[in-house]
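Enquirer: One structure, pasted below without further comment.
The values are calculated or read from the model by the stated rules, or taken from the named source; none is laboratory data. Because the structure is a prediction, the values reported are computed rather than measured. Ideal geometry is used to build each Cβ from the backbone, glycine not excepted, and the neighbour counts take in all protein chains shown. The protein model used for the area step is the full one, side chains on, heavy atoms only, and it has no ligands, DNA or RNA in it. Shrake-Rupley method; radii C 1.70, N 1.55, O 1.52, S 1.80 Å.
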Amino acid sequence: MNDPAEQLRELEQAGLRRRLRPLDGATGARVERDGRTLWNFASNDYLGLATHPTIRAAFHEGLDRWGHGAAASRLITGSQPPHQAFESSLAAAKGTGAALLFSSGFALATGVIPALVGKGDHVILDKLAHASLIDGARLSEATLRVFPHNDLDKLGRLLASIRARDAASRVLVVTESVFSMDGDLCPLPGLLELKERHGALLLLDEAHGFGVLGATGMGLAEELGVQDRVDFQMGTLSKAAGLSGAYLACAPEWHDLMVNRARSFIYSTAPPPALAHAACTALELIRSEAGASLRTRLHDNIRLLATDGRTPILPRVIGENQAAMEASLALEEAGFLVPAIRYPTVPRGTARLRISVSAAHPGEALRSLAVACEILSA
């Protein structure tokens, strides 16, 4: 099929066509769109740091001291003191010997996974792993296997089967700590036991756990006290940290291998040094008493919508694409920005509203949203 108009018509008929709808101003707990003020339950700004004055001031300071562009890749002239300062601070926070900053989570996944495994190796993903992790696995050319979501029995059988045939190849298990569309947690202790029993490696994506879970906000691995057993901890700065970019925390030898083999790192201009400078401040804030207070408020807010909620991602599965779109529009009319999530982001037949809670939301907004959702489901 060569006609893009026909492809767009098919997407429209299936209720899957997407369109850009920009905001009229900056993001925050409240946003402006089409001249209307809406409570923002769409973003991943879990701690409200995207507009935090301390981080804004650090960004300005970084601009003044280091400029607004790195001008080259890290291996040419782009590696500057703020990049190294952030990586050193993060490695200490994560309990690893090293860390590496990437321009985005997608760049990290599509660079790191092919650098770790290739032809003759194996990569095993949770069925609900993020698209970037899937694409990274495909690019690696390793043998790709998928296990049903959080199914440790199936994962164990896959690992045993691989090791029965091949005792020497590299096997990488890939999962998320907090799943981005369901908000549930991976069974991390069981995953660690299996990967250690079968001599595999574990890549844990803490994108939605970073800043949210753990005593100092370093994620699920910190909360469970198992950071030293996770081979690769990755996460983004575009969610709870309120910035952009991504990190990989790992042992120094793996770090050095990524510098030499991760193509999205080698062949990309480095993240702006001002951004890295601001990321140092965001990391410090997240780990501070102020960060702990924000996490407490976040979890209090979560429980206003879900009494047993552990994470700020609260899905309301509706089923059909059109019904999910109509529910999203109805909430927008009521003053709430809540996105409809459809295939291929979620499996067919599971279109949903994805409610994202922030520490910046006042109680009145959460209680009003709860009432609006009850009216929709009545």
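Enquirer: Between segment 278-357 and segment 89-147, what is the separation of their alpha carbon centroids in Å?
Expert: Rounded to whole Å, the Cα centres lie 25 Å apart.
Enquirer: Oh, and also: Given a 1.4 angstrom probe, what's the average accessible area per residue across segment 244-331, in square angstrom? List each step's numbers first, then the result.
Expert: Values: 4040 Å² over 88 residues.
Ligands and nucleic acids excluded, the figure is 46 Å² per residue.
Enquirer: Using only the alpha-carbon atoms of segment 174-302 as identical scatterers, what base-10 log of I(q)/I(0) does the Debye formula give at q = 0.12, 0.14 Å⁻¹?
Expert: -0.50, -0.68
Enquirer: Right, something else. So which residue, out of A137, A251, A240, gets the largest mean-square fluctuation from a GNM of the chain using Cα contacts under 10 Å as springs?
Expert: A251
Enquirer: Give the carbon-plus-sulfur fraction of the accessible surface of segment 66-150 in %, rounded to a whole number; probe 1.4 Å, heavy atoms of protein chains only. All intermediate terms of the calculation are to be shown ahead of the outcome.
Expert: Details: 1870 of 3380 Å².
Exposed carbon and sulfur together represent 55 percent of the surface.
Enquirer: Still on this structure: Compute the semi-axes of the equivalent ellipsoid of segment 116-230, taking the square root of 5 times each eigenvalue of the Cα gyration tensor, and list them largest first in whole Å.
Expert: On the way: eigenvalues 110, 47, 30 Å².
Taking √(5λ) for each Cα gyration eigenvalue gives 23, 15, 12 Å.
Enquirer: For segment 29-146, state what percent of all Cα-Cα pairs lands in each successive 5 Å bin, counting from 0 Å until the bin that includes the largest distance.
Expert: With 5 Å bins starting at 0, P(r) equals 2, 9, 11, 13, 16, 16, 14, 10, 6, 2, 0, 0.
Enquirer: Between R138 and Y267, take the C-beta separation as r, use R0 = 25 Å, and let me know the FRET efficiency to the nearest 0.05. Before the final figure, lay out the partial values.
Expert: Values: r = 19 Å, r/R0 = 0.75.
Once the sixth-power term is evaluated, E becomes 0.85.
Enquirer: On alpha carbon coordinates alone, what is the Rg over Rh value for segment 287-378, Rh being the Kirkwood radius? Present the calculation step by step, with values, prior to reporting the outcome.
Expert: On the way: Rg = 14.2 Å, Rh = 13.9 Å.
Reported Rg/Rh (Cα atoms, Kirkwood Rh): 1.02.
Enquirer: With the cut-off at 12 Å, report for segment 13-65 the share of all Cα pairs above it, as a whole percent. Working shown, then result.
Expert: Values: 1011 of 1378 pairs.
Tail of the P(r) past 12 Å holds 73 percent of the pairs.
Enquirer: OK, next. Remind me, relative contact order of the chain in percent, using alpha carbon pairs under 8 angstrom and six or more residues apart? Please report the intermediate quantities before stating the final value.
Expert: Numbers: 727 pairs, mean separation 89.1, N = 378.
Across the chain, relative contact order equals 24 percent.
Enquirer: Same structure again: Can you tell me the length gained on complete extension of the stretch V371 to L11, counting 0.36 nm per residue apart and subtracting the Cα distance? Provide the component values of the computation, followed by the final result.
Expert: Values: separation 360, 0.36 × 360 = 129.60 nm, distance 3.25 nm.
Contour length minus the Cα-Cα distance gives 126.3 nm.
Enquirer: With all protein chains present, how much of the accessible area of segment 11-59 (probe radius 1.4 Å) comes from carbon and sulfur, to the nearest whole percent? Mind dumping the intermediate values first?
Expert: Values: 1480 of 2790 Å².
Its accessible area is 53 percent carbon and sulfur atoms.
Enquirer: For the chain, return all DSSP H helices satisfying: extent of Cα atoms along own axis at least 24 Å; mean Kyte-Doolittle hydropathy at least -1.0.
Expert: Details: long enough: 289-305 (25 Å, -0.34).
Result, helices passing both filters: 289-305.
Enquirer: Using just the helices of the chain, give the 222 nm mean residue ellipticity in deg cm²/dmol: DSSP H runs with n ≥ 4 each add -39,500 (n - 2.57), and the total is spread over all residues, rounded to 500. Can you show the working numbers first?
Expert: On the way: 14 runs with 162 residues, N = 378.
Estimated from H runs of four or more residues: -13000 deg cm²/dmol.
Enquirer: Note the full-extension length gain between D300 and R30 as 0.36 nm times their separation in residues minus their Cα-Cα distance, in nm to one decimal. Write down the numbers at each step before the final one.
Expert: Working: separation 270, 0.36 × 270 = 97.20 nm, distance 1.91 nm.
Taking 0.36 nm per residue and subtracting the Cα distance, the gain is 95.3 nm.
Enquirer: As a test of the definition: which semi-axes, in Å, follow for the chain when you take the square root of five times each eigenvalue of its alpha carbon gyration tensor? Largest first, please.
Expert: On the way: eigenvalues 203, 146, 92 Å².
They are 32, 27, 21 Å, listed from largest to smallest.
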